[in-house]
1. At least 3 residues that are within 19 Å of residue 174 (Cβ to Cβ) in each: list the strands (runs of 3 or more DSSP E) lying fully within region 55-161 that qualify.
2. Do you know which of the residues in region 86-117 that are crowded, with 20+ Cβ neighbours inside 10 Å and within 16 Å of residue 64 (Cβ to Cβ) is nearest to the chain's Cα centre (by Cα)?
3. On the given criteria, is residue 176 buried (at least 16 other Cβ atoms within 10 Å of the Cβ) and at pLDDT below 90?
4. I'd like to check something: does region 131-143 contain any residue that is touching an Asp or Glu at 6+ places or on another chain (Cβ under 6 Å) and assigned by TED's automatic domain parsing to the domain that holds residue 94?
5. From (1) under 15 Å from residue 66 (Cα atoms); (2) of a type in the set (A, V, I, L, M); (3) surrounded by fewer than 13 Cβ atoms within 10 Å (Cβ to Cβ), pick out the condition that doesn't hold for residue 170.
6. Counting just the residues of region 57-74 that are touching a Ser or Thr at 6+ places or on another chain (Cβ under 6 Å) and touching a residue at least 40 places away in the same chain (Cβ under 8 Å), which one comes out farthest from residue 158 (Cα to Cα)?
7. Take residue 181 and tell me if it is in contact (Cβ under 8 Å) with a residue 60 or more places away in the chain, surrounded by 12 or more Cβ atoms within 10 Å (Cβ to Cβ) and of a type in the set (Gly, Ala, Ser).
Amino acid sequence: MRCRRVQPLAMDPVPEIGQAAAGALCAAWMWEGEEMKSLLLAVLAAVLFVAPAQAQVRSTDPQSIVKALQDAGYKSELTKDGEGDPLIRSAASGYKFAILFFNCEAHQKCGDIQFYIGFTNKLTAERANLWNSKHRFARVYSDAQGEAALEYDLNLEDQAIPTALFRKDLELWDMLVGRFAAFVDEKDDVGGS
């Protein structure tokens, strides 16, 4: 094995990697050729192997979303929409909602999800604009029948997100559903968020 002399790397080891692995990474950069590649791959494999597994949610795995919903105390049913794409039915703040899947390949491997709820209450454009001007994470509109609809998109693009982050999105959705239900039932504005 050949090692060539190089300037030491100035880096702070990542706490999850630890001192030994960080030292091995620094040493790996000094090796030339195949030895360096082999050592670097071995160190990375070891780091990934010892890293604690964290539950994740993926748009390509609808069952992971069902499990995250159930673990958070929500009922959820995985089914299919009229086109054959996955669809999850659930409820928040006492109201039924759906999680729709978009950008699917052959009704699988979906890239995005959307939380959706519709109300029979009528919603004027002025009221929708009032809501949208005060709430940045979800949008509302009147559907073709003039009835209120609330949507909240998550662009996952086949990337896993930690279940804890999904749970925060779910909590935000639940709060927005409750606020919007009150908003469409009243004539006065309900506070923003």
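The values are calculated or read from the model by the stated rules, or taken from the named source; none is laboratory data. What you are looking at is a predicted structure, and each value in this text was computed from that prediction instead of being measured. Every residue, glycine among them, receives a Cβ derived from its backbone with ideal geometry; neighbour counts consider all protein chains shown.
1. On the way: elements: 77-80, 86-92, 95-102, 112-122, 139-142, 147-155.
In region 55-161, 86-92, 95-102, 112-122, 147-155 are the strands (runs of 3 or more DSSP E) which contain 3 or more residues that are within 19 Å of residue 174 (Cβ to Cβ).
2. Residues of region 86-117 crowded, with 20+ Cβ neighbours inside 10 Å: 86, 88, 90, 92, 97, 99, 101, 110, 113, 115, 117.
The next check asks that each one be within 16 Å of residue 64 (Cβ to Cβ); those that pass are 86, 88, 90, 99, 101, 110, 113, 115.
Numbers: 86: 16, 88: 15, 90: 17, 99: 12, 101: 12, 110: 13, 113: 9, 115: 11 Å.
Among those residues, the one meeting the criterion is 113.
3. Numbers: buried (at least 16 other Cβ atoms within 10 Å of the Cβ): yes; at pLDDT below 90: no.
In short, no.
4. The first filter runs over region 131-143 and keeps only residues touching an Asp or Glu at 6+ places or on another chain (Cβ under 6 Å), leaving 139.
From what is left, the residues that are assigned by TED's automatic domain parsing to the domain that holds residue 94 are 139.
Within region 131-143 (the criterion being touching an Asp or Glu at 6+ places or on another chain (Cβ under 6 Å) and assigned by TED's automatic domain parsing to the domain that holds residue 94), the answer is yes, since at least one residue qualifies.
5. Failed condition: (3).
6. By that ranking, first place goes to 74.
7. Numbers: in contact (Cβ under 8 Å) with a residue 60 or more places away in the chain: yes; surrounded by 12 or more Cβ atoms within 10 Å (Cβ to Cβ): yes; of a type in the set (Gly, Ala, Ser): yes.
Yes: the conditions hold for residue 181.
Conditions (1) out of contact with any Ser or Thr (no Cβ under 6 Å at 6 or more places or on another chain); (2) at pLDDT 95 or above; (3) closer than 17 Å to residue 154 by Cβ, marked per residue:
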| site | (1), (2), (3) |
| --- | --- |
| 84 | yes, no, no |
| 94 | yes, no, no |
| 101 | yes, no, yes |
| 113 | no, no, yes |
| 138 | yes, no, yes |
